[in-house]
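Student: Here it is, the structure in full.
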Amino acid sequence: MTTYPEAAARIELEVMTPNEQLFGRLRGKYDVTITIAPGFAERAGDRETAVQLGRLCRLIFMHRAQRLDRVEEETMQPGPPEPPSAKDLEFQRRYEELTVSETSSDGTMTLTVVGLSNWTWDIASGTVDRRGSDGVAANATEVANAVALRLADEVRKLNIRVYHHHD
């Protein structure tokens, strides 16, 4: 039987924004690739590109969470769901408040995530004109991967604080 870590490492999914101009691919739990249709970023400008990148990342990670839930159902011990404990409720509350922010190595793009529901990109003025769609996509990929890894680390630490911390 396949274990959860093995199945999670084999996840592959592809999503696109409703306007069909930005595309995201996830391999495993954390390997994100973002592409942008040629010329889109230049036509849309910094602000609209940032909005669309936020939509794309939310879609990627929403689908990732759904896929991981299915993997967990398929690989973990089946049984009736248990009611959430006080620690489960505390974890959920703190998880929804979790904030992570990462910036591209050139300092032009920042992604801030709050509770996995709010994905906000800040793109420095003129970036899309200087970098073009491919350059913006490369920076977005760099930052999205950094955020994915940082989120995983923050969730791991939260898990330890809530479930394993003894007063």
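Student: Go through segment 119-149 residue by residue and tally those that are more than 12 Å from residue 103 (Cα to Cα), under 10 Å from the mean Cα position of the chain (by Cα) and not aromatic (Phe, Trp, Tyr).
Tutor: Within segment 119-149, residues that are more than 12 Å from residue 103 (Cα to Cα), under 10 Å from the mean Cα position of the chain (by Cα) and not aromatic (Phe, Trp, Tyr) number 2.
Student: OK, next. If you check 67, 27, 47, 58, which single one turns out to be basic (Lys, Arg), farther than 30 Å from residue 129 by Cβ and in contact (Cβ under 8 Å) with a residue 40 or more places away in the chain?
Tutor: Residue meeting the stated conditions: 67.
Student: Kindly indicate whether residue 122 is closer than 24 Å to residue 42 by Cβ and either out of contact with any Phe, Trp or Tyr (no Cβ under 7 Å at 6 or more places or on another chain) or open to solvent by less than 20 Å² (accessible area, probe 1.4 Å) (or both).
Tutor: Yes: the conditions hold for residue 122.
To keep it simple, each residue is scored yes or no on (1) in a loop (DSSP other than H, G, I, E, B); (2) under 27 Å from residue 7 (Cβ atoms).
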site: 82; (1), (2): yes, yes
site: 110; (1), (2): no, no
site: 139; (1), (2): no, no
site: 148; (1), (2): no, yes
site: 155; (1), (2): no, yes
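Student: Name the single residue, out of those in segment 30-89 being out of contact with any strand residue (DSSP E or B) (no Cβ under 8 Å at 6 or more places or on another chain) and of a type in the set (Gly, Ala, Ser), that is farthest from residue 12 (Cα to Cα).
Tutor: Filtering segment 30-89 for residues that are out of contact with any strand residue (DSSP E or B) (no Cβ under 8 Å at 6 or more places or on another chain) and of a type in the set (Gly, Ala, Ser), the one farthest from residue 12 (Cα to Cα) comes out as 86.
Student: Which of (1) open to solvent by 20 Å² or more (accessible area, probe 1.4 Å); (2) under 22 Å from residue 120 (Cα atoms) does residue 10 not meet, given it meets every other one?
Tutor: (2)
Student: Cβ contacts < 7 Å: first residue farther than 26 Å from residue 145 by Cβ, restricted to segment 76-104; second residue of a type in the set (Val, Ile, Thr) and modelled with pLDDT of 90 or more, any location; separation 6+ or different chain. Result?
Tutor: From residues that are farther than 26 Å from residue 145 by Cβ, the pairs are 87/162; 90/162.
Student: Here is a follow-up. Report whether or not residue 75 is over 21 Å from residue 21 (Cα atoms), open to solvent by less than 40 Å² (accessible area, probe 1.4 Å) and β-branched (Val, Ile, Thr).
Tutor: yes
Student: Another question, then. If we keep just the residues of segment 112-127 that are hydrophobic (A, V, I, L, M, F, W, C) and part of a loop (DSSP other than H, G, I, E, B), which is farthest from residue 66 (Cα to Cα)?
Tutor: Out of the qualifying residues, it is 124.
Student: Further, regarding this structure: If I ask for residues that are open to solvent by less than 30 Å² (accessible area, probe 1.4 Å) and touching a Phe, Trp or Tyr at 6+ places or on another chain (Cβ under 7 Å), which ones from segment 125-151 would you list?
Tutor: 133, 148, listed by residue number.
Student: Taking the residues in segment 107-118 that are open to solvent by 20 Å² or more (accessible area, probe 1.4 Å) and closer than 21 Å to residue 33 by Cβ as candidates, determine which candidate is nearest to the chain's Cα centre (by Cα).
Tutor: 116
Student: Sort out which residues of segment 17-47 are open to solvent by 90 Å² or more (accessible area, probe 1.4 Å) and closer than 13 Å to residue 137 by Cβ, and write them in order of number.
Tutor: 38
The values are calculated or read from the model by the stated rules, or taken from the named source; none is laboratory data. Everything numeric here is computed off the predicted structure, so don't read it as measured data. Backbone-built Cβ (ideal geometry, glycine too); neighbour counts: all protein chains shown. For accessibility, only protein heavy atoms count, side chains too; no ligands or nucleic acids. Shrake-Rupley method; radii C 1.70, N 1.55, O 1.52, S 1.80 Å.
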